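The values are calculated or read from the model by the stated rules, or taken from the named source; none is laboratory data. It should be emphasised that the depicted structure is a prediction, and the values quoted were computed from it without experimental measurement. Using ideal geometry, Cβ is built from the backbone for each residue, glycine included, and neighbour counts are taken over all protein chains shown.
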Amino acid sequence: MAERADDRLVRLLGIVAYLDGAGPVDVEELAHRFGVTPARLREDIDALWVSGTPGYMPDDLIDFDAFSLEEGLVSLTQSRGLTRPLRLGTREAVALVAALRAMSTTPAVQADPARAAVVTGALDKLTAATGEAASAVDVRLGGPEDVATLGVLSQALAAGRRVRLRYVDAADVTSERDVDPWRLLTQSGATYLVGWCHRAGGRRTFRVDRVLGAELLDVPVEARGTDADVDVAAQVVADAAGRAREARVRWRSAARWVAEEVPVEEVTDLADGSFEVRLRVTNPAWLRRLLLTHAVDVLAVEPPQVAAEVAAAAREALGAYDEG
Amino acid sequence: MAGEIPAGGPPTRPDERLLNLVIALVNTSAAMTKQQVRAGVHGYDAAASTEAFERMFERDKDTLRALGVPIVTVEGSGHSDEVGYRIDNEAYALGAVDLTPAELGVVALAAQLWSDKTLRTDMSRAMTKLAAAGAGDAVGDAVAGLTPRVRAAGDAYGPLLEAISERRVVSFRYRAASTGQVRTRQVEPWRIAARGGGWYLVGHDRDRDAERVFRLSRIEGRVRLGATPHAYELPDRVDVDAALGARVRHDSTALLAVVPERATALRARSADTVPAVARPGTPAAPAGRDLVTVPYGSLTTFADEVAGYGAAVVVLDPPDLRAEVLRRLRAAAALSTRPQEEADRG
């Protein structure tokens, strides 16, 4: 796929401004700095070499030392006024500052004062450099997690040590598990711990707000040869998609948030304003709970067996209230 | 892009044309008129007609401004009344940022936050500019093991951000949650916000003449921007959480009768140091249950949560919470017997 013109322009301007300040730089190093291959960087140099002020005579052009370049060294000899790095555009400033602000308020960062200080430092410097435009976007991540729990998990991650968790799952079953923590994934709404669960003998994802207690163990985590850069968010989704059963639920329009907050496969809007979602459910207890909670807005459930289970649970509950 | 190669050399790529325009406007002594740009700047000479040139030049100016290049217009003077263009060299440069390697590690991690392609593009350009400003290598130790991620905001994000930056009124078709009806709304946009899995616009609804919150996912089709910039004032302070009614307050307390060993997550929020006792007049607890007091903020959210436990948790007090939970349970009990009638609602 061809690169966008504006992306390349930003890099071309950036290369000149950087070289003007830094002096001669190795081709490989410069390519690494700007996140491109050395071959692509040489194309950039070639493009810069023929660019300049109107007239485009040799003295009007951006220039490099040709002999150095043959030896793999990029040495700028004429910058044609592009000596300073370009400021951030509004969209760029917003994306950068809003992301840092969101990070600074995540429970996982706030649980650790040293981390919080680094994030705040970066945020302050960038806010000073970009101005106030960035306040147009306001992102808050994470949910109502317990700061003490997050503190233990952060410590375990930093030290590479195992934790013992008391965990209550979606089916309201409490268990104790020893977990080698890999990552804390903070998403809008909740924080998840991803790691190796020794009780299950496999990779598991835990919602931190359901961790009732976390204890740091004096055991180093076992190496599992996992790729640290793996896309955890995609993994969580993939975990949820395995061994799934399909269900269809028709909702009143008032429950439109369901389509937005629950991982649905498909949403169909119906003429009367109601809508139907198709779900893949790995945990039947989770679906029962969703329907029990929001039955007021449920119009129909497929398969009928699911509806029957929910109704039975509700009748049992009404019995406990003495209105069977 | 395939194209014929005209006599006189290969066609100029748009990025190289833009580069030459920047260099020309940075170096011009006073300003350049459009005609000077067309005649002098490499890449514009290829425009087939005056109209084609005008379109190309307007688009290029927009592109450069979006990237942060401060192009200013200069009114014609002396013999010429033609408008000229130059780059404001004072405003061009990024101020000193000087991030430590650890802070740069944080920035690199923050770059992963966005799910939208356009936001990721914005972010990677910002990173390129920081690299150009001499930022060193990032060290990720300070944020090891963290992965922040926010859900995609969708197509409405770009136009809404532009509208807020320029204070333009927007209009869009919006599906109301209460009725499912789609209506056109006219809004002065104040802030784009992400909370609890959803993206929202907070602003002033012109038709209702009041502050309103819109979910971006319920906007249907395109967001249109009004023609006039600076069409309204932003309020000094926008409280997103107050607008969303999501402020967490723990100003109510529920008395619950819980089956032993169950609803552990609820119990964990209890502040009880001694076993809870029912006030006189509250309904009797079913036999064999633990009495637990739990603080809560929103009545409906807490009723949702409690109903989800089914028979394991019975609300004894307060009565309004009990009634809300019972309403949910009755609706659920009716699920298997018949399709619900609209009249059941409420």
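Is there a residue being surrounded by fewer than 16 Cβ atoms within 10 Å (Cβ to Cβ) and at pLDDT below 85 anywhere in the stretch B:145-152? Give the derivation first.
Of the residues in the stretch B:145-152, the ones surrounded by fewer than 16 Cβ atoms within 10 Å (Cβ to Cβ) are B:152.
Now restrict to residues that are at pLDDT below 85: B:152.
Yes; the residues of the stretch B:145-152 include at least one that is surrounded by fewer than 16 Cβ atoms within 10 Å (Cβ to Cβ) and at pLDDT below 85.
Report yes if residue B:288 is farther than 30 Å from residue A:259 by Cα, of a type in the set (Gly, Ala, Ser), surrounded by fewer than 16 Cβ atoms within 10 Å (Cβ to Cβ) and at pLDDT below 85, otherwise no.
Answer is no for this residue.
Failed condition for residue A:68, given (1) among the small types (Gly, Ala, Ser); (2) part of a loop (DSSP other than H, G, I, E, B); (3) in contact (Cβ under 8 Å) with a residue 12 or more places away in the chain, with all others met?
Unmet condition: (2).
For the stretch B:93-108, which residues satisfy the criterion of being under 24 Å from the mean Cα position of the chain (by Cα) and more than 7 Å from chain A (Cβ to nearest Cβ)?
Once the filter is applied, which keeps residues that are under 24 Å from the mean Cα position of the chain (by Cα) and more than 7 Å from chain A (Cβ to nearest Cβ), the stretch B:93-108 yields B:104, B:105, B:108.
Taking the criterion of being part of a strand (DSSP E or B), in contact with a Leu (Cβ under 8 Å, 6 or more places away or on another chain) and either touching a residue at least 12 places away in the same chain (Cβ under 8 Å) or among the hydroxyl-bearing types (Ser, Thr, Tyr) (or both), would at least one residue in the stretch A:112-123 satisfy it? Before the answer, list the steps.
Going residue by residue through the stretch A:112-123, those that are part of a strand (DSSP E or B) are none.
No: zero hits.
How many of the residues in the stretch A:286-307 are closer than 20 Å to residue A:255 by Cα and assigned to a helix (DSSP H, G or I)?
Of the residues in that region, 14 qualify.
Out of A:30, A:41, A:9, I need the residue that is under 23 Å from residue B:93 (Cβ atoms) and more than 7 Å from chain B (Cβ to nearest Cβ). Which one?
Details: A:41 fails: under 23 Å from residue B:93 (Cβ atoms); A:9 fails: more than 7 Å from chain B (Cβ to nearest Cβ).
A:30 is the lone residue from the list that is under 23 Å from residue B:93 (Cβ atoms) and more than 7 Å from chain B (Cβ to nearest Cβ).
Pull up the stretch A:132-158, narrow it to residues that are out of contact with any helix residue (DSSP H, G or I) (no Cβ under 8 Å at 6 or more places or on another chain) and more than 10 Å from every other protein chain (Cβ to nearest Cβ), then point me to the one that is modelled with the highest pLDDT.
Of everything passing the filter in the stretch A:132-158, A:152 is modelled with the highest pLDDT.
I'd like the residue in the stretch B:114-154 that is over 24 Å from residue B:94 (Cα atoms) and hydrophobic (A, V, I, L, M, F, W, C) and, out of all such residues, is farthest from the other protein chains (Cβ to nearest Cβ).
Filtering the stretch B:114-154 for residues that are over 24 Å from residue B:94 (Cα atoms) and hydrophobic (A, V, I, L, M, F, W, C), the one farthest from the other protein chains (Cβ to nearest Cβ) comes out as B:152.
With respect to the numbered conditions (1) in a strand (DSSP E or B); (2) within 17 Å of residue A:134 (Cα to Cα); (3) of a type in the set (Lys, Arg), which one is the sole condition not fulfilled by residue B:65?
In the conditions (1) in a strand (DSSP E or B); (2) within 17 Å of residue A:134 (Cα to Cα); (3) of a type in the set (Lys, Arg), residue B:65 misses (1) alone.
So is residue A:3 surrounded by fewer than 18 Cβ atoms within 10 Å (Cβ to Cβ) and in a helix (DSSP H, G or I) or not? Talk me through it step by step, then tell me what you get.
Numbers: surrounded by fewer than 18 Cβ atoms within 10 Å (Cβ to Cβ): yes; in a helix (DSSP H, G or I): no.
When the stated conditions are applied, residue A:3 does not pass them.
Can you tell me which residue within the stretch B:37-51, out of those that are without any contact (Cβ under 8 Å) to a residue 40 or more places away in the chain and within 14 Å of another protein chain (Cβ to nearest Cβ), is surrounded by the most Cβ atoms within 10 Å (Cβ to Cβ)?
The first filter runs over the stretch B:37-51 and keeps only residues without any contact (Cβ under 8 Å) to a residue 40 or more places away in the chain, leaving B:38-45, B:47-51.
Narrowing further to those that are within 14 Å of another protein chain (Cβ to nearest Cβ): B:38-45.
Working: B:38: 17, B:39: 12, B:40: 17, B:41: 24, B:42: 21, B:43: 21, B:44: 22, B:45: 12.
The selected residue is B:41.
Restricting the stretch A:262-292 to residues that are surrounded by 21 or more Cβ atoms within 10 Å (Cβ to Cβ) and touching a helix residue (DSSP H, G or I) at 6+ places or on another chain (Cβ under 6 Å), which is modelled with the lowest pLDDT?
Taking the stretch A:262-292 first, the residues surrounded by 21 or more Cβ atoms within 10 Å (Cβ to Cβ) are A:275, A:287-292.
Next cut, touching a helix residue (DSSP H, G or I) at 6+ places or on another chain (Cβ under 6 Å) only: A:288, A:291-292.
Values: A:288: 87, A:291: 91, A:292: 91.
Per the stated criteria, the residue is A:288.
Among residues belonging to the stretch A:262-285 that are touching a strand residue (DSSP E or B) at 6+ places or on another chain (Cβ under 7 Å) and at the interface with chain B (Cβ under 8 Å from one of its Cβ atoms), point out the one that is farthest from residue B:322 (Cα to Cα).
A:269
Looking for whichever is away from every other protein chain (no Cβ under 14 Å) and outside any loop (DSSP other than H, G, I, E, B) here; the options are B:212, B:183. Which one fits?
B:212
Quick test for you: out of B:248, B:325, B:314, pick the one residue that is at pLDDT 90 or above and either farther than 30 Å from residue A:250 by Cβ or at the interface with chain A (Cβ under 8 Å from one of its Cβ atoms) (or both). Lay out the reasoning, then the answer.
Details: B:248 fails: at pLDDT 90 or above; B:325 fails: either farther than 30 Å from residue A:250 by Cβ or at the interface with chain A (Cβ under 8 Å from one of its Cβ atoms) (or both).
Just a single option satisfies the conditions, and that option is B:314.
With the requirement that a residue be at pLDDT 80 or above, surrounded by fewer than 16 Cβ atoms within 10 Å (Cβ to Cβ) and of a type in the set (A, V, I, L, M), what does the stretch A:217-258 give you?
Across the stretch A:217-258, the qualifying residues are A:217, A:219.
For residue A:196, state whether it is surrounded by fewer than 20 Cβ atoms within 10 Å (Cβ to Cβ), modelled with pLDDT of 85 or more and in a strand (DSSP E or B).
Details: surrounded by fewer than 20 Cβ atoms within 10 Å (Cβ to Cβ): yes; modelled with pLDDT of 85 or more: yes; in a strand (DSSP E or B): yes.
Judged against the criteria, residue A:196 is a match.
Checking residue B:233 against (1) loosely packed, with under 14 Cβ neighbours inside 10 Å; (2) of a type outside the set (Gly, Ala, Ser); (3) in contact (Cβ under 8 Å) with a residue 24 or more places away in the chain; (4) facing chain A (nearest Cβ under 10 Å), only one condition comes out false. Which one?
Of the numbered conditions (1) loosely packed, with under 14 Cβ neighbours inside 10 Å; (2) of a type outside the set (Gly, Ala, Ser); (3) in contact (Cβ under 8 Å) with a residue 24 or more places away in the chain; (4) facing chain A (nearest Cβ under 10 Å), the odd one out for residue B:233 is (4).
Which of the following residues is assigned to a strand (DSSP E or B), surrounded by fewer than 18 Cβ atoms within 10 Å (Cβ to Cβ) and not aromatic (Phe, Trp, Tyr): B:280, B:295?
Working: B:280 fails: assigned to a strand (DSSP E or B).
Just a single option satisfies the conditions, and that option is B:295.
Please indicate, with yes or no, whether at least one residue in the stretch A:286-294 is facing chain B (nearest Cβ under 7 Å) and more than 30 Å from residue B:257 (Cβ to Cβ).
no
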